[in-house]
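Here, each number is a calculation from the coordinates, and none is a lab measurement. These numbers were taken from a predicted model, which means no experiment stands behind them. For neighbour counting, all protein chains shown are included, and Cβ atoms are generated from backbone atoms with ideal geometry for every residue, glycine included.
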Amino acid sequence: MAQLYLRDIPLLRPPGQADLLQVLWCPYDHDPDHKPSTALFWRSAAEVVDILATPPEPYEVNHSGYLPEPCVLAPEAITEYPNSLDLSPQMRLMVEDWNRWQAAGASVDSSYADYPREFYDIHLADAPGWKVGGWPPWGRTDPNPRYCPVCDVQMVPLLTIASFEWDGGERHSWAPCEEQAAAYAANAAGSCCGQDPSQPTKVEVGSTDTIRSISARPSPSIRTPT
C-alpha cells in the first residue's frame, strides 16, 4: 500500500534504528468498519534485500478501489490547523467571529460572513488527501480520542489513506500549486476531479472515505501527494 523512508520524511520518528515504514493492507472488507485491514511494519532499509521487480498482485479484491495504482510519493510539509470540533469552546467562538477575520486582514470571501467557521474548516483545517501525521478530519462522528492499550498514552494520527487528494468542491484549494489549474478545470467541468490528478492512487475507501493509522508516538504534519 505505502512505503515511506525516513530520508524523505525526516520527522517520521520511527522506533529504534528503523528508517522505513511499510504499510500493507488486505483488499477485502473487514469488520467492524467494512474496510480493508491494515498492518504497519517498521524496518531498516539496509536489511531489505532481494526486492521484486514486479510486486505480486492479489488474485481477487472486494472492490477495484482497493487495488492501488503504483505511484512515486513527493512529500511536502504543509501547515494545517485542527478541525473546529477539536478547538476549545473559547477558540471556536473566535473562529466564528467574522469581525476578527476582518480585523486580521484575512483574505476571506464575504460569502462566508455568516459562516466564518465553514471557511476555517474548508480551507485551513485538517488537510484532505494522503498525509503523515497532521490533524484528523471529523464529520461523521465527534472527536473521539484513542488511547494506547499498552501505555495508555493518547494516540495521534500516523498515516491517513484517503480516497481523494481534494474533492470537487471548495476544498480543491488544497491542491498543490502545480495542480491548481487542473483542479479548477475538473471542478468547472462538473466532475469530482476524476482519477487524475486528485486520485492518482485510484484508491477509494468505502464511500470516498479515509482510513487512519494511529500511533502512541508524536507524528509530523507531512502531506504525501503523488
Worksheet, complete the sentence: In Å, the C-alpha Rg and Dmax of region 81-125 are 9.7, 25
Practice prompt. Just need the relative contact order of region 81-125 here, percent rounded to a whole number, with Cα pairs under 8 Å and 6+ apart.
Written response: 50 percent
Practice prompt. Would you calculate the separation in nanometres between label points at residue 110 and residue 45, each defined as 7 Å from the Cα along the Cα-to-beta-carbon direction?
Written response: 5.2 nm
Fill in: Cα-centred dipole magnitude for region 1-100, charges only on beta-carbon of K, R (+1) and D, E (-1), debye, nearest 20
340 debye
Discussion item. Relative contact order of region 69-172, please, whole-number percent, based on alpha carbon pairs below 8 angstrom and at least 6 residues apart.
Written reply: 28 percent
Discussion item. Taking 0.36 nm per residue of sequence separation and subtracting the Cα-Cα distance, how much length would be gained by fully extending the chain between residue 180 and residue 37, in nm to one decimal?
Written reply: 48.2 nm
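Let's see if you can work this out: charge +1 on each Lys and Arg Cβ, -1 on each Asp and Glu Cβ, no other charges. What is the dipole magnitude of region 46-101 about its Cα centre, in debye to the nearest 20? List each step's numbers first, then the result.
Numbers: 2 positive and 10 negative charges, 75 e Å.
Magnitude of the dipole: close to 360 debye.
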Item to complete: Report the label-to-label distance for residue 173 and residue 146 in nanometres (one decimal), using points 7 Å from each Cα along the Cα→Cβ vector.
Response: 2.9 nm
Worksheet item: For region 30-42, in order, what is each residue's ³J(HN,Hα) by Karplus, 6.51 cos²θ - 1.76 cosθ + 1.60 with θ = phi - 60°, in whole Hz (x at glycine and Pro)?
Response: 10, 6, x, 9, 6, 9, x, 8, 10, 9, 10, 10, 8
Worksheet item: Taking the simple approach of a point 7 Å from Cα along Cα-to-Cβ for both residue 202 and residue 52, what is their distance in nm?
Response: 1.8 nm
Discussion item. Bin width 5 Å, origin at 0, all Cα-Cα pairs of region 26-94: what percent of pairs per bin?
Written reply: 3, 9, 11, 14, 14, 16, 13, 9, 6, 3, 2, 0
Worksheet item: Sorting 98, 166, 130 on the 10 Å Cβ count, fewest up front, what's the list?
Response: 98, 130, 166
Worksheet entry | Using a Förster distance of 25 Å, the FRET efficiency for residue 22-residue 154 (Cβ separation, nearest 0.05) | 0.50
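Given 0.36 nm per residue, what is the gain on full extension from residue 71 to residue 97 after removing their alpha carbon distance, in nm?
Values: separation 26, 0.36 × 26 = 9.36 nm, distance 4.21 nm.
Contour length minus the Cα-Cα distance gives 5.1 nm.
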Worksheet entry | Packing-based order for 55-63, 17-25, using average beta carbon neighbours within 10 Å, highest first | 17-25, 55-63
Worksheet, complete the sentence: FRET efficiency for residue 60 and residue 3 from the Cβ-Cβ distance with R0 = 30 Å, rounded to 0.05, comes out at 0.85
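Express the relative contact order of region 1-68 as a whole percentage, based on alpha carbon pairs under 8 Å and six or more residues apart in sequence. Mind showing how you got there, number by number?
Values: 87 pairs, mean separation 19.9, N = 68.
Reported relative contact order: 29 percent.
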